[in-house]
Every structure is written in C-alpha cells, then in structure tokens.
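First comes the structure, then the notes that go with it.
Read the figures in this text as sums done on the coordinates, not as results from a lab. This is a predicted model, so every value here is computed, not measured. FYI the Cβ positions are ideal-geometry reconstructions off the backbone, even for glycines, and counts take in every protein chain you see.
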Amino acid sequence: MTDALDASEPPKDVGESGVAVARRLLEGVSTHAIFMLDADGNVAAWPAPAATLYGYETTAVLDRHVRTLFADDEGAGDSDSLPEDFFDEPMDEPVEFEHRHRRADGSVFWATLTLSPLRDDGFHGYAAVCRDTTTTKEYERMLERRNNRLKEFTDILAHDLRNPLNVIEGNLTLYEETGDEEYLDTVDETVDRMARLVDDLLRVARQGNVVSDPEPTDIGEVVETVWRSIGEDSGATLTYEPVPSVSSDPDRLRELFENLFQNAADHGGDDAAVRVGPLDDGFYVEDDGPGIADGRETEVFDHGFTTSADGHGYGLSVVRAVVDAHGWEIVATGADNGGARFEVTGIDFLG
C-alpha cells in the first residue's frame, strides 16, 4: 500500500508548501485521520491513518470528492452537513462539520471533519482532519434521552401526587365537619398509595442513571436468577435460547428482566409461556398473553400507563429507563403467537 506522503512528488493540485503543512499536521495530531483535498474538494493525498480509519485503499478514493466518504443524509437530520457550494470559493479559516461517514465495509460512524485551508503564496487546497466522534455522539443522545425522561418524570410526579393530595385535603375537611373517622381511614389509604407511588417513581429515576461502570454480564445467569424468584413457583414456563454476554450493570439488568417477566405473568396468568432469545444486536423477551393493542406499542413504556385495574404502570417504564441508561434501544411489538414481544437492540456483544 502506498499511503504515505511522498515529499519528493507533491499530490495533485497541491503545492510543496501544502505538503509541508500537512506533514506537520500529521505529526502533531497522530491520533486523527488526516488527508488532503485539492481546491475542488477532491482527495489529493490519502495517508495511512486515513486508510486505517476508513478502510479504503488509496486507489479507491484518490481524486474522488470528499463527499464520497459521507453516509447518506437519511436519518442524519441533526448533522452539520458540508454545504454544496463550500468549494466554490477558497476559505480563509478552518471550518468544522459534523456528519455521518461510511467505511469501506459499509459501517457508519459519526465524525467531525475539520477543513483547514493551505496557503503559502496562494491557495493550495485543504488539510482534512477527521475525528471519530461516535462515542461522544451516542453519549450526547443518551443524555438527551435522560433529560427528556427527567422532564417526563417531574411532570408525572406533579400530576400523580396532585390527585391524592386533593383527596387527603377533602377528607380532612369532611372529618373536621363531621367527626366521622371513616374519612381518616381514607386519608391513611391515600397516604399509603402516595408512598408506593413515590417509591415507584424513585425506582424509575435510579434505574435511569447512565451506566458508568459496566462489567461483563452473563445474560443466561441473570435470566435464571430472576426466573427462580418470579416464575418458578407458578405454572409459568420459560424457554431460554442462549444470548451472548454483554457489558452492563448486572443489578439493573436483573431489574429489566424482573419487570418483563412480571409483565408477562400479570397479563398471561399463572400458565404464561415466556421465551427469551438472541437477536443480531440484542435479545427479545416474549410471552403468549393477550398482546399489545394496536397503536399502543410506544405508549406502554410511559410512566403510569397500565391496562390493569390494580396496576401502577411503572414496570415497563423501569425497563425503558434501564435500556436508556445502557445506551440501548427497545421496542414493543407482537409475538408470532399473539402475545407481547419486547426487543432490546443496539448491544455490542462480548462474544
């Protein structure tokens, strides 16, 4: 592979001074992929770090426009794309763009691309510095989801506590007027319900904290432990197809399975059949219960959503909080047998 810059033969349309500047950049920022563009935005030099990051050989990208390194704009609405007319006029200062890039193997990653003009007695093109920011981008999105959940949490807290407070106030007033202690019994019951509600909401909040110290976790062991505590004493059955190990907070992963298994038991009865198995980038949990009503696949994860008369509606909210805290994704859908199916994806298996 002839990826190294050759000082004896300057790249196409880039002067000797541009090569010198690019070489100094390459030496000073060795952790980034650096390559060179001519004045029209075509790749003029493709050093080894660029080939390592993207996986393209020199012949595959040389003289091709830099936009060929970008992934399609679909799904990248929050990117700061390179304007179509950017190369019409030479730039005077470095410019930075955030975009999704595509490697030779088809994989997509978020990157910050900085284009610095090369000038020395004239304009000679750009030094392009590409920094993979996928981890940072995913973390930002995780924090954004967490902030959205926090707002939702406070809204629900205010709403759900207001009603029982009104009940307490009304019954205390009636007790003062009548002296009937039955009103105090209602107050006691309402206080107990508020306490359970606060406990549920705090549990959701704790499970939503971003996982900062994950550890290798055997999903099979977690599933077995949780099933022993929830389903073993009932008539429910569990079918488990091995799922590779993951990097997670094992305590919170147990909380996830506890709530999914409990949800299956609540809706499928004592003879519920539960199945856990692998996906390409995650796992699924499904049951043979009544399933999820059409149009409510997203709503089931909302705080307080329940179809049960005696339910609080926080089990699946906890599940979503755990998933978000790990940076994964979850969707609810229908199982082939008509029950509910929950798919957790976006997981990098450990093997």
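The table that follows gives values for the structure above.
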| read-out | value |
| --- | --- |
| Estimated FRET transfer efficiency when R0 is 45 angstrom, pair Arg162-Gln262 (beta carbons, to 0.05) | 0.95 |
| Burial ordering of His326, His65, fewest other beta-carbon atoms within 10 Å first | His65, His326 |
| Thr333-Asp120 FRET efficiency (beta carbon distance; Förster radius 51 Å; 0.05 resolution) | 0.30 |
| Extension gain from Ala195 to Thr173, taking 0.36 nm per residue of separation minus the Cα-Cα distance | 5.8 nm |
| Contour excess over end-to-end distance, with Cα ends at Glu89 and Glu57 and 0.36 nm allotted per residue | 8.6 nm |
| Distance in nm between pseudo-label sites at Arg67 and Leu184 (7 Å out along the Cβ direction from Cα) | 7.8 nm |
| Virtual spin-label span in nm between Glu299 and Glu221, 7 Å along Cα→Cβ | 4.1 nm |
